[in-house]
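Here's the structure we're looking at; comments come further down.
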Amino acid sequence: MKITAFAPVIPVSDVDAAIRFFTQKLGFRQEFRFGDYAGVERDECLLHLSLVGNPNTGALGSASVYLFCDDVDAIYEDLVQRKVVVLSEPKDYAYGMRDFVVADADGNRFTFGMPNPT
């Protein structure tokens, strides 16, 4: 017996606006949509977007997702060019990671990071 996959569920106030943010700003593509529930995917990362109030959803702004990547500085530059509001720029941390943080319009936080090369 094993767990084979996971999908973070992000509470959003407007599914259409969230899909636009993820596709236009963060470079994801829409994988599926069922009414007020949708999935967006980039590379091997699948996130579920759920209208706040759905049974599987927490409060707005309660999600915090760490997205591992192979070149955090390139991702950062791409998102800056897409005019994404960045909460913190890439930085090396004592816990061995180099990362930065962005947020969506609902206050959910997304950290992009990779192992610190030094």
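Looking only at the stretch 48-62, decide whether some residue is modelled with pLDDT under 95 and surrounded by 19 or more Cβ atoms within 10 Å (Cβ to Cβ). Scanning the stretch 48-62 turns up at least one residue that is modelled with pLDDT under 95 and surrounded by 19 or more Cβ atoms within 10 Å (Cβ to Cβ). Report whether or not VAL84 is open to solvent by less than 30 Å² (accessible area, probe 1.4 Å) and assigned to a strand (DSSP E or B). No, not satisfied. Being of a type outside the set (Lys, Arg) and within 13 Å of the chain's Cα centre (by Cα) is a description that applies to VAL40. Applying the set (1) surrounded by 17 or more Cβ atoms within 10 Å (Cβ to Cβ); (2) in contact with a Cys (Cβ under 9 Å, 6 or more places away or on another chain); (3) hydrophobic (A, V, I, L, M, F, W, C); (4) closer than 20 Å to ALA5 by Cβ to PHE68 leaves exactly one unmet item: (1).
Residue-by-condition table, conditions (1) surrounded by 14 or more Cβ atoms within 10 Å (Cβ to Cβ); (2) under 25 Å from GLU77 (Cα atoms); (3) touching a Lys or Arg at 6+ places or on another chain (Cβ under 7 Å); (4) of a type in the set (Gly, Ala, Ser):
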| position | (1), (2), (3), (4) |
| --- | --- |
| ALA7 | no, no, no, yes |
| GLY27 | yes, yes, yes, yes |
| TYR37 | yes, no, no, no |
| GLU41 | yes, yes, yes, no |
| CYS45 | yes, yes, no, no |
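Taking the numbered list (1) outside any helix (DSSP H, G or I); (2) touching a Lys or Arg at 6+ places or on another chain (Cβ under 8 Å); (3) surrounded by 14 or more Cβ atoms within 10 Å (Cβ to Cβ) in turn, LYS91 passes all entries but (3). Can you say whether PHE32 is free of Cβ contacts under 8 Å to residues at least 24 places away in the same chain, surrounded by 11 or more Cβ atoms within 10 Å (Cβ to Cβ) and over 30 Å from THR118 (Cβ atoms), as far as the supplied structure shows? Yes; evaluated as a whole, the condition is true for this residue.
The values are calculated or read from the model by the stated rules, or taken from the named source; none is laboratory data. Bear in mind that the values here come from a model prediction, so they are computed numbers and not experimental data. Glycine also receives a Cβ, built like all others from the backbone with ideal geometry; neighbour counts cover every protein chain displayed. Ligands, DNA and RNA are excluded from the accessible area calculation, which covers all protein heavy atoms including side chains. Shrake-Rupley method; radii C 1.70, N 1.55, O 1.52, S 1.80 Å.
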